[in-house]
Amino acid sequence: SQQVAKRTQQASSSFDLSEDLTRILIDQQLIDAGWQADSLDLTYSKGARPEKGKNKAIAEWPTESGPADYVLFCGLTPMAPVEAKRKHVNVSTTIQQAKRYSRGFKTTAEIRSHGMTWGAKGEFRLPFVFSTNGRPYLRQLDTHSGIWFCDLRRPENLSRALQGWFTPDGLTALLKQDEQAALEQLATETFDYGFDVRFYQKNSILATEAGIA
């Protein structure tokens, strides 16, 4: 209710964290999810680079749009930029900055290229983006809490709040899911099953496939 939201807002406004302290909080959340993270020392400027067999959240990674607060790497593969903001920032809108980092990400010899881009105009160079202010997700403070995420591989995908961070294995598994290829396969699948299919059975199958899509 509005009263609950107001009380929650009042209680949470009694203190605020600086962006540096917020990053320390986010560091721990990433570590708990299986990433190597240290926004003070695991930074691009201090020589941090992706490595085979290691899952790193490297801070201050340079892009054409300025340094991303973090870029998540599964081994040598860049997965997502992360925009980290102070506690009271509307985190759902700052995901737009993370999208700019995806557009401006530069592949180098030390990084495994995805070999493709995403988006309506092919403008995104990384498939996923995150933004967060370190706060646990509260429905009453929907846009000001949680970890916001967007899968950029399909233009119609909307950003949404998560309850927690993806693990490296979870993000890798998501990357391997090729929704568009699956939808195209459904659209071109024949009814050549080796036996006659009645018209109402075909209609049921088509309706089921539409529901899946």
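The values are calculated or read from the model by the stated rules, or taken from the named source; none is laboratory data. Everything numeric here is computed off the predicted structure, so don't read it as measured data. Positions of Cβ are generated from backbone atoms using ideal geometry, with glycine treated the same way; all protein chains shown enter the neighbour counts. Note: areas computed on protein heavy atoms with side chains; ligands, DNA, RNA excluded. Shrake-Rupley method; radii C 1.70, N 1.55, O 1.52, S 1.80 Å.
Numerical summary
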{"read-out": "Residue match in the stretch 77-87 (condition: surrounded by fewer than 16 Cβ atoms within 10 Å (Cβ to Cβ) and of a type outside the set (Lys, Arg))", "value": "no"}
{"read-out": "Residue in the stretch 190-213 that is modelled with the lowest pLDDT, counting only those that are open to solvent by less than 90 Å² (accessible area, probe 1.4 Å) and not in a helix (DSSP H, G or I)", "value": "213"}
{"read-out": "Any hit, the stretch 131-140, residues being open to solvent by less than 60 Å² (accessible area, probe 1.4 Å) and modelled with pLDDT of 90 or more", "value": "yes"}
{"read-out": "Near pairs, Cβ below 7 angstrom, 6+ apart or cross-chain, from the stretch 33-46 (under 14 Å from residue 73 (Cα atoms) and of a type in the set (Ser, Thr, Tyr)) to any residue that is open to solvent by 20 Å² or more (accessible area, probe 1.4 Å) and modelled with pLDDT of 95 or more", "value": "43/60; 44/60; 44/62"}
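Every residue, every condition in (1) within 12 Å of the chain's Cα centre (by Cα); (2) at pLDDT 90 or above; (3) under 25 Å from residue 146 (Cα atoms), yes or no:
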residue: 69; (1), (2), (3): no, yes, yes
residue: 72; (1), (2), (3): yes, yes, yes
residue: 79; (1), (2), (3): yes, yes, yes
residue: 83; (1), (2), (3): yes, yes, yes
residue: 86; (1), (2), (3): no, no, yes
residue: 91; (1), (2), (3): no, no, yes
residue: 94; (1), (2), (3): no, no, yes
residue: 100; (1), (2), (3): no, yes, yes
residue: 112; (1), (2), (3): no, yes, no
